[in-house]
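The values are calculated or read from the model by the stated rules, or taken from the named source; none is laboratory data. As the structure is a prediction and not an experimental result, all values here were calculated from the model. Counting neighbours? That spans all protein chains shown, and the Cβs are built from the backbone with ideal geometry, glycine included. Heads up: the accessible areas ignore ligands, DNA and RNA and are worked out on the full protein's heavy atoms, side chains in. Shrake-Rupley method; radii C 1.70, N 1.55, O 1.52, S 1.80 Å.
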Amino acid sequence: MRGRSLAARRAAYERGLAAERLCALRLRLMGWRILARRYATPAGEIDIVARRGALIAFVEVKHRKQREDVFEAITAHQRRRIENAASIFLSRHPNWRKLSLRFDLMVVSPWQWPSHLPDAWRPDRSGAVL
């Protein structure tokens, strides 16, 4: 975000919030219960934590003009931060640890309904606390 004006950063922030709201709506319509939005920890932030039955999904939301650009936007470093934040979330809610866990990605592009990519990545068990 370096080099971008304050107005451009603010507009990107607002687009991100709108994308997260739209994705939460889509998940609710798909039968998911939203447990948390914008869940912040010292390790990182999870955009959406959702549950359906015995499954908890930690959902990263990306807003891009072109859907194809989204996979470049989520780096290994960012995945690790989300995984660590998920571990903190589960340590604070131990009764949910026994449920199945998954890391999903939702992509929002202009004038299109959000795409949901379930099980977008699996944590590296060597470094993850999950």
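Across the chain, the mean sequence separation of Cα contacts (distance under 8 Å, 6 or more residues apart), normalised by length, yields a relative contact order of 22 percent. For Ala40 and Arg102, the difference between the fully extended length at 0.36 nm per residue and the C-alpha to C-alpha distance is 20.5 nm. Each part gets one Cα centre, and for segment 1-65 versus segment 86-107 those centres are 15 Å apart.
Modelled label positions at Ile74 and Arg4, each set 7 Å beyond Cα in the direction of Cβ, lie 1.9 nm from each other.
Report the far tail of the P(r) of the chain, meaning the percent of Cα-Cα pairs longer than 24 Å. Cα-Cα pairs of the chain separated by over 24 Å account for 27 percent.
Computed over the chain, the per-residue total of -39500 (n - 2.57) for DSSP H runs of n ≥ 4 gives a 222 nm mean residue ellipticity of -11500 deg cm²/dmol, rounded to 500. Measuring nothing but protein heavy atoms, the accessible surface of segment 5-118 at 1.4 Å probe radius is 54 percent carbon and sulfur.
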